[in-house]
Amino acid sequence: MTLEAVFGMASTLAFFSWIALFIFYPRKWIYQTLFSGVFILMALTYAFYIIPALFSGGEGGFSTLSEVRKLFDSDEALLAGWIHYLAFDLFVGMWITRDSWEKDISRWAVLPCLILTFMMGPVGLLLYFLVRAFKIKKLNQSPFYP
């Protein structure tokens with residue numbers, strides 16, 4: 001299978017998972033099957049592409065931006081990096097959805113957080129923490145601890 005095909009399938013799977021995440025707003029069986037399965041599949045695909053890239057003897061490192069750029073010189077490493085983003089953002093979206101359901105936060109208040117998490121990861125999570133803090137403050141609880 002070509003790298004472009006894997007890229008397309010991973011991106012499409014992530015996109016439809018985000019839609020399902022909102023539509024099925026956490027139901028236990030969905031989390032145990034669909035989302036867990038999607039996350040595991042993405043994690044395995046990531047491992048399949050990143051492990052060979054780590055042992056390829058290529059240059060790069062984490063000390064400078066230039067070194068990090070060199071880590072993504074190969075298409076396989078770049079694909080692994082993309083899947084890394086997709087998988088972690090989806091995991092964060094799963095957590096937001098489940099946490100908001102447990103805290104009885106309206107799905108409509110969570111929707112902008114999910115959209116931003118899908119598009120800009122940490123910005124969506126930050127917005128969710130603000131929404132969560134507002135809701136929890138009303139309940140006179142700590143916004144950052146269960």
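Against the test of being assigned to a loop (DSSP other than H, G, I, E, B), surrounded by 12 or more Cβ atoms within 10 Å (Cβ to Cβ) and at pLDDT 85 or above, the options Ile83, Ile105 yield a single qualifying residue, Ile105. Checked against (1) of a type in the set (Val, Ile, Thr); (2) in a helix (DSSP H, G or I); (3) open to solvent by less than 40 Å² (accessible area, probe 1.4 Å), Ile19 passes all but a single condition, namely (3). Only one of the listed residues (Val68, Val92) is under 20 Å from the mean Cα position of the chain (by Cα) and hydrophobic (A, V, I, L, M, F, W, C). That residue is Val92.
Being touching a residue at least 12 places away in the same chain (Cβ under 8 Å) and either open to solvent by less than 70 Å² (accessible area, probe 1.4 Å) or in a helix (DSSP H, G or I) (or both): is that true of Lys70 here?
Values: touching a residue at least 12 places away in the same chain (Cβ under 8 Å): yes; either open to solvent by less than 70 Å² (accessible area, probe 1.4 Å) or in a helix (DSSP H, G or I) (or both): yes.
When the stated conditions are applied, Lys70 passes them.
Pairs are defined by a Cβ separation below 7 Å, a sequence spacing of at least 6 or placement on different chains, a first member in the range 10-36 that is modelled with pLDDT under 80, and a second member that is of a type in the set (S, T, N, Q) and in a helix (DSSP H, G or I); the pairs so defined are Tyr25/Thr97; Pro26/Thr97; Phe35/Ser17.
The values are calculated or read from the model by the stated rules, or taken from the named source; none is laboratory data. No experiment lies behind these values; they were computed from the predicted model shown. A quick note on method: Cβ atoms are made from the backbone with ideal geometry, for glycine too, and the neighbour counts reach across all protein chains shown. Just the protein is used for accessible areas: all its heavy atoms, side chains included, with ligands, DNA and RNA removed. Shrake-Rupley method; radii C 1.70, N 1.55, O 1.52, S 1.80 Å.
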